[in-house]
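Data first, discussion second: the structure below is written as structure tokens.
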Amino acid sequence: MTKRSKSAPVSARPAAPKSAKPQGQPRQSLSRSKRESANPVFARGLDVRRAMWGHDGAEGQIDSAGDFIWPMQDYVTRWCFGETWTRTRLPRKTRSMITLGMLVAQGRPHELKVHVRGAIANGVSKEEIQEVLLHAMVYAGIPRGVEGFRSAEEVLKEMGLE
């Protein structure tokens, strides 16, 4: 009976040829925002984001999103802006005012600052923002209203409107 030889130790095996392409995701020639814009809902959402916050708040955020944050950006762009903000029964100006009031009620100063900029882009005046914040303060409470006013004032000053 003949003995079969054992396979060569791992270190003696020839190395697998190295690929010219890096491991992981294949190289894409289009930016993520351009690739995803093939989806009409995503494209509508990106249009709304661009109208409210310019390129940096639309393509800039999409294209710079890492793998961890990308699903959130996709969801927000498609569902929040592509589906909700594009509905026709309320104009964007009204949606902006509602959003400001809800963000005051939730005590979300960072998001409030972002949406103050968006509200201005959607045609909401400084005086209308003030009225929305006063109205929200009555229902959300004085501390949240005060925080909302401070956050909004900071953005209005940055924009040269205060």
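Since every read-out is calculated from the coordinates, none of them should be taken as a lab result. Quick caveat: nothing in here was measured; it's all calculated off a predicted structure. Here Cβ is always computed from backbone atoms with ideal geometry, including for glycine, and neighbour counts include all displayed protein chains.
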Taking Cα atoms only, Rg over Rh for region 31-87 with Rh from the Kirkwood formula is 0.92
A correct Stokes-Einstein calculation for region 105-162, using the alpha-carbon Kirkwood radius, 4 °C and 1.567 mPa s, returns a whole-number D in µm² s⁻¹ of 116
Output for region 45-135: chymotrypsin sites (Phe, Trp or Tyr not before Pro) sitting in coil per DSSP, at most 12 other Cβ within 10 Å, listed by number, reads Phe68
